[in-house]
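Down below is the structure, laid out as structure tokens.
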Amino acid sequence: MGQKDLVTGAYGYSGTYLRLRLEAAGRTVRTLTDHPAADADIEVFPLAFNEPETLAAAFEGVTTFYNTYWTRYAPSGTGHPQAVTHTAALLDAASRMGVERVVHLSIANPDPNSFYTYYRGKAAVEALVIASGMSYGIVRPSVIFGGDDILVNNIAWLLRNFHLFAIPGNGRYRLRPVHVEDLTDLCVRLGGERADTVIDAIGPQSFTFEDMVVAIAEAINTPYRLVHLPPAAVSVLLHGLSILTHDVVLTRDEIDGLMAELVMVEGEATCPTLLTDYLRENADRIGRRYRSELARRRPRPGTAP
């Protein structure tokens, strides 16, 4: 195929799957990132948001822009409003350099009026993508699982190590997990199209949060006890766990978002993998070690900060 694509964060979680999938399809991949791998074998450009010409150079000759850039919280001064501004700079650079297509990784249920700045910011970025002048595919995943995912793996880690799991509230709020490789396949398929598209990336199964925790515990064959607590109490427990893990395990906004079913979407599945199949096939591996979000964001050994 011989065409060139740019993936933001091509050595991050979803970005790694995108990079490998595109390379397998014969495409040349480059990346914009602050966290390159020491042994990176693709062109790497810095996320120089305040240097428009540096950003523009990264998009020279690029056909499709796969945008995974965002921030979950503000570990080093980048909040959600600033992430919107940064994404605007990326889209402007891509448009000016003649990029034909942008595939943007958003989130299920973005809402400009949400209580949660994450979801307000995601809605603002979608509006920027639509107004960019490039053809677009906007992909809205629910909870992502597979590989080095955060939520499912770390639930398993907690169950393996403590056997006691605190459920915020009644645990009956629902979610619709999607496998990371299915999500990648959907993004790459949309990258080859030119029609403007907004699509939910959702798997074939929906769970209540409590039922998902039980499914994970039973798959890894560990004893467990569930305890229902007020969200504020769970938040306090997670703060203590954050000190232990040197990470932000789950923020209060994320707890409230789960309970408000912000990661639940009705309708037909767009991605085929069953979470229960994944758990069964990977039971020996899931939760063997804690996956740190903050560790992913630190510069890798042998790279510049």
For segment 119-139, give me the residue count where each residue is surrounded by fewer than 21 Cβ atoms within 10 Å (Cβ to Cβ) and either among the hydroxyl-bearing types (Ser, Thr, Tyr) or assigned by TED's automatic domain parsing to the domain that holds residue 247 (or both). 2
Just wondering, is there one or more residues in segment 207-230 that are basic (Lys, Arg) and farther than 26 Å from residue 182 by Cβ? yes
Just to be sure I understand the filter: pairs with C-beta atoms under 9 Å, separated by 6 or more residues or on different chains, first member in segment 21-46 and farther than 20 Å from residue 183 by Cα and free of Cβ contacts under 8 Å to residues at least 40 places away in the same chain, second member of a type in the set (Ser, Thr, Tyr) and part of a strand (DSSP E or B). Which pairs pass? 33/8; 40/31; 42/28; 42/31; 43/28; 43/31; 44/31; 45/31
Hey, does segment 81-104 have a residue that's over 30 Å from residue 226 (Cα atoms), at pLDDT 95 or above, outside any helix (DSSP H, G or I) and of a type in the set (D, E, K, R)? yes
Could you say whether any residue in segment 162-177 is part of a helix (DSSP H, G or I), at pLDDT 95 or above and not assigned by TED's automatic domain parsing to the domain that holds residue 238? no
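The values are calculated or read from the model by the stated rules, or taken from the named source; none is laboratory data. All values reported here derive from a predicted model rather than from experimental measurement. Cβ: placed from backbone, ideal geometry, glycine included. Neighbour counts: every protein chain shown.
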